[in-house]
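A quick write-up on the structure given underneath.
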Amino acid sequence: MSPDMSVRRLGRGDAPAAARLHAVMPEPWSDVDWTGFLREPIVLGLGAFADDVLIAAALLRSVAGESEVLTIVVAPDRRRGGVGRELLAAALEETARSGAKTAFLEVATDNFAAISLYRSLGFVEIGRRRGYYRRSGGAVDALLMRREGGQDRTPPDAGR
Ligand SMILES: CC(C)(COP(=O)(O)OP(=O)(O)OC[C@H]1O[C@@H](n2cnc3c(N)ncnc32)[C@H](O)[C@@H]1OP(=O)(O)O)[C@@H](O)C(=O)NCCC(=O)NCCS
């Protein structure tokens, strides 16, 4: 991540910027959706900022020692620069510090960039939900992925 960037917790005031970032997704979350997530005490929202502009956002929900990656999105013109991996690694570290022993997520099987990002952070595939995502071109399966280990875990590809 370049020196002009910083990572901090998202507050409800960041909801509009987060919703603008998320608008690229097939099922985007609105300003109201983000506000709802960010007010939940069990949800961690982390944002990467460049010159105070939100360029990436991640949301994780932790329950009973497990954290779920709800979403991560990086501004299109900031991708492939390590921002997504650094932000998600920071979020996983924070949920682990708060007691999460495992993390899991669902990702569309056609989202190669995200699957590759998750693998690079130590997530492995544990299952599949058939036809989980409805798209205009037809349904797409969801891949279920899990990452074991809490605070002291060092993923095999970390820091590449
Ligand atoms: C998935 C996403 C968050 C990745 O963010 P990013 O900042 O570009 O990712 P990074 O630069 O940190 O890349 C980390 C690793 O992910 C993988 N990766 C990222 N983008 C990739 C791509 N387009 N193709 C293949 N692998 C990719 C690579 O393994 C990469 O490691 P490397 O650079 O050492 O090869 C970004 O593409 C995005 O915002 N996509 C749209 C939103 C989305 O689909 N979110 C996930 C579902 S909720």
Peptides 107-116, 37-46: what's the order by average Cβ count within 10 Å, highest mean first?
37-46, 107-116
Top positive-direction residue, dipole computed over the stretch 5-148 with Cβ charges, set P76, A100, F112
F112
Phi to ³J(HN,Hα) by Karplus 6.51 cos²θ - 1.76 cosθ + 1.60 over the stretch 33-44, Hz, x for Gly, Pro:
4, 5, 4, x, 4, 6, 8, 6, x, 8, 9, 9
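Only the coordinates and a few stated rules stand behind these numbers; no lab work does. Quantities reported herein were computed from a predicted structural model and do not represent experimental measurements. When we count neighbours, we look across all protein chains shown, and the Cβ atoms used for this are built from the backbone with ideal geometry, even at glycine.
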